[in-house]
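Reviewing the structure listed below.
The values are calculated or read from the model by the stated rules, or taken from the named source; none is laboratory data. Predicted, not measured: the structure shown is a model, and the values here were computed from it. No Cβ is skipped: glycine too gets one built from the backbone with ideal geometry, and neighbour counts run over all protein chains shown.
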Amino acid sequence: MLLKMDRRKFLSYVGCGCCGFILNSCSTAPITERKQLKIVSEAKLNAQAAAIYEKIKEKEKMSNDKKTLNQIRDIGKNIENSITEYFDKSNLNDPTANFDWEYILIDNKKVRNAWCMPGGKIAVYTGILDVTKNKDGLAAVMGHEIAHAVAKHSVERASRGALLNTGTQLIDIFTGGKLSKVNRTTGMNTIGLLSQIGLMNPFNRKQESEADYLGMIFSSLSGYDIRETVKIWERMKELNKGKEPPQFMSTHPSSDNRIRDLNEKMNEVLLDYPPIKLT
């Protein structure tokens, strides 16, 4: 007799440790050590992401605000170096060793958003700057997005999608579902560039919470004031005022839950992951 099983339960059975034939494809997320399934080539995803990133740069309007772009690059470089230093000093493999980091600032005030593709290809939209307010806020947002790439969330979701083979068009895996929402906001077919490479649904809440935690760690290691992380979500909550969340918050935990969780982890991160001294 066939038993009915909901999709969530089925996913739990295809995860690491439950299917002997995929055990060799299981790994753990850095720092959190959450089990992950990876059967899709990370190198291939990185290469595809890099090619798509170039097309996005051609289609989107780049900001001429060089001061802000340089700040984004400086923050990114600080986070890059701190991540590498942390894993080196911990005698662990650096999950960013094969990254080819790059940063762009897209000129669109309507979009409160940022994303990081596999391999370290990052975009910040000018609309998010009204929320970040300062370098610490910007570092918090970038740290969160970089955390998705460091934790290989896109590889993980691509692997689950490949395993399940649902037949559904998989979209936005590289950016956690954000570009499809950017497309609806701007009318630009950015998402069309991504649909060709087998994409997936937005990052799930577990991955978002993990990115919140890791992002706060990376910001702290880089010397930024992680208390600004909570302030960002307080400002987001005020901007929403009961409406549907903007792009940066879509599919994420609720603002209240997020603020609570970040506050609960704040002291731990400050104590266990202080600014790291670069060698």
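Each residue in the stretch 112-132 was checked for being under 15 Å from residue 61 (Cβ atoms) and buried (at least 24 other Cβ atoms within 10 Å of the Cβ), and 4 of them qualify.
Out of the residues in the stretch 100-119 meeting the condition of being assigned to a strand (DSSP E or B) and among the β-branched types (Val, Ile, Thr), tell me which one is farthest from residue 144 (Cα to Cα). If we take residues in the stretch 100-119 being assigned to a strand (DSSP E or B) and among the β-branched types (Val, Ile, Thr), then 106 is farthest from residue 144 (Cα to Cα). Residue count for the stretch 82-111, restricted to those that are out of contact with any strand residue (DSSP E or B) (no Cβ under 7 Å at 6 or more places or on another chain) and buried (at least 16 other Cβ atoms within 10 Å of the Cβ): 11.
As a summary of the residue check, residue 181 satisfies the conditions (1) more than 18 Å from the chain's Cα centre (by Cα); (2) at pLDDT below 95; (3) assigned to a helix (DSSP H, G or I); (4) within 22 Å of residue 232 (Cα to Cα) except for the one numbered (1).
Out of all the residues in the stretch 220-227, is one or more crowded, with 21+ Cβ neighbours inside 10 Å, in a helix (DSSP H, G or I) and at pLDDT 90 or above? Give the derivation first.
Filtering the stretch 220-227 for residues crowded, with 21+ Cβ neighbours inside 10 Å gives 220-222, 224, 226.
Retained after the next criterion (residues that are in a helix (DSSP H, G or I)): 220-221.
Adding the requirement that they be at pLDDT 90 or above leaves 220-221.
The answer is yes, given that some residue of the stretch 220-227 is crowded, with 21+ Cβ neighbours inside 10 Å, in a helix (DSSP H, G or I) and at pLDDT 90 or above.
Scanning the stretch 238-260 for residues that are modelled with pLDDT of 65 or more and outside any loop (DSSP other than H, G, I, E, B) yields 238, 239, 240, 255, 256, 257, 258, 259, 260.
If you take the residues of the stretch 120-151 that are part of a helix (DSSP H, G or I) and among the hydroxyl-bearing types (Ser, Thr, Tyr), which of them is nearest to residue 226 (Cα to Cα)? Of everything passing the filter in the stretch 120-151, 132 is nearest to residue 226 (Cα to Cα). Which pairs do you get when a residue that is within 26 Å of residue 265 (Cβ to Cβ), found in the stretch 32-43, comes within reach of a residue that is β-branched (Val, Ile, Thr) and surrounded by fewer than 17 Cβ atoms within 10 Å (Cβ to Cβ), reach meaning Cβ atoms under 8 angstrom, with the pair 6+ apart or on two chains? From residues that are within 26 Å of residue 265 (Cβ to Cβ), the pairs are 34/28; 35/28; 36/28; 37/14. With respect to the conditions (1) crowded, with 17+ Cβ neighbours inside 10 Å; (2) at pLDDT below 95, residue 41 falls short on a single one, namely (1).
Could you please let me know if residue 154 is of a type outside the set (D, E, K, R), at pLDDT below 95 and assigned to a helix (DSSP H, G or I)? Yes. Look through 79, 72, 31 and report the one residue that is outside any helix (DSSP H, G or I) and at pLDDT 95 or above. None of the other options fit; the residue is 31.
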